[in-house]
Amino acid sequence: MISFEWYRSFIEVYRVGTVSGAAQVLYLTQPAVSQHLAALESALGNPLFQRTPRRMIPTEAGKRLYSQVVDAIEKLESIPHKNSTAETPQTIRIGTPQEFFIEQVLSQLPQDDRTFYTIQFGLTSELIQQLKAGKLDIVIATQKITLSDIEYELLFEENFWLVGPPNMTIPISEGISQADLNPLSQWLLTQDWIAYSEELPIARRFWRVVFGRRIDVQPKLIIPDLRAIRQAVKCGFGLSVLPDYLCSNWVTENRLTLVLKPAQAVTNRIWLAFRKSERQLPTIKRMLEF
């Protein structure tokens, strides 16, 4: 008789691509996962993976088996969680960038009498490590950090605009072409700048994509908070590059001046990250659906 655990090990090796990675997800030893896989292959009479030095590559038999059993395995894994959490209050621990959470996520969080939230702000690199260690349930990530046991779902795509103080006079006409950007770039270098950090991470990327070279300015004001940067621009401290969800309404209301919304959009994707082994948990499913 084929053991359920053999199938679980097969599914995780298929997803993660390595026996060691699957063992970490399943909280098993590497030899145990290897034994499960060998036993399943023996019972079915077909090799399920091609072993290479770096990855386990599914065979055609492995691909067919995965498509046949994955839904059933995920449903079975979720049953204990559904039964145990049906009447029990649940706390969802979320790691997230502060600005995006407050502006875009907070008002949309599912609310009921049995769901509680603990929110932790921080950098994606730090939050993903805490997710991997089991200290967080969900991370809203501004970048995909590849780890074998972490899965990502696209949540949002933001575009970056260059904005200045209200009623700012810009020596440029509407509908500027890419070929006419050089005079604008020279003018921009003479202006005061506001940045998130001394490295100007957002401005440097914007400048490279739009103008094709590195920016060389000394920020007049450094604030590690995008909403504070928005307010500082409004107060006249200088120019900055901000995501559209933060500045589009302010531009419409003339609280900011749109200096440049480039024809070639400068975009960044925001992801919902969670542990692969927990995809079928009700809390994770709920966050994916919202």
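None of the figures in this text is laboratory data; all of them are computed from the coordinates on show. These figures come from a predicted structure and were not determined experimentally. Neighbour counts run over all protein chains shown; Cβ positions are idealised from the backbone, glycine included.
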- Per the Cα gyration tensor, the stretch 158-266 corresponds to an equivalent ellipsoid with semi-axes, largest first in Å, of 19, 16, 13
- Message: Give me the one-decimal nm value for the distance between modelled label points at residue 252 and residue 67, 7 Å along each residue's Cα-to-Cβ direction.
- Response: 4.5 nm
- Query: Cα centroids of the stretch 1-16 and the stretch 115-141: how far apart, whole angstrom?
  - Reply: 27 Å
- Item | Theoretical FRET efficiency, 1/(1+(r/R0)^6), r = Cβ-Cβ of residue 156 and residue 286, R0 22 Å, to 0.05 | 0.80
- Query: Taking H as built 1.01 Å from N, whose amide H comes closer than 5 Å to the amide H of residue 266, not counting residues under 5 places away?
  - Reply: 160
- Stretched fully, the stretch from residue 51 through residue 218 gains (0.36 nm per residue minus C-alpha distance, one decimal, in nm) 54.9 nm
- Query: Residue separation times 0.36 nm, minus the C-alpha to C-alpha distance between residue 130 and residue 267: what's the value?
  - Reply: 46.7 nm
- Message: If you take volume of the Cα convex hull per residue in Å³ from the coordinates, which of (i) 142; (ii) 154; (iii) 171 do you get?
- Response: (iii)
- Here, residue 111 and residue 167, labelled 7 Å along Cα→Cβ, have an inter-label distance in nm of 3.9 nm
- Message: Report the Rg/Rh value for the stretch 26-73, based on alpha-carbon coordinates and the Kirkwood definition of Rh.
- Response: 0.97
- Report the convex hull volume per residue for the stretch 4-85, counting only C-alpha atoms, in Å³. 88 Å³
- For the stretch 208-268, what is the charge dipole size about the Cα centre, in debye to the nearest 20, if Lys and Arg each add +1 at the Cβ and Asp and Glu each add -1 at the Cβ? 120 debye
- Counting Lys and Arg as +1 and Asp and Glu as -1, each charge on the Cβ, what is the dipole of the chain about the Cα centre in debye, to the nearest 20? 560 debye
- Sequence-distant lysines (8 or more away, or on other chains) whose Cα lies within less than 30 Å of residue 220: 234, 261
- Item | Percent RCO, i.e. relative contact order, over the stretch 158-266, from Cα pairs under 8 Å lying at least 6 residues apart | 49 percent
- Query: What length, rounded to one decimal in nm, is gained on full extension from residue 2 through to residue 279, with 0.36 nm per residue of separation minus their alpha-carbon distance?
  - Reply: 97.3 nm
- Note on the structure: In this structure, among 75/144; 63/132; 135/285; 75/132, pairs with alpha-carbon gaps over 25 Å are 75/144; 63/132
- Task: Please work out the FRET efficiency for the pair residue 209 and residue 118, using the Cβ-Cβ distance as r and a Förster radius of 30 Å; give the result to the nearest 0.05.
- Result: 0.25
- Task: Between residue 29 and residue 228, with labels modelled 7 Å along Cα→Cβ, what's the label distance in nm to one decimal, could you check?
- Result: 5.1 nm
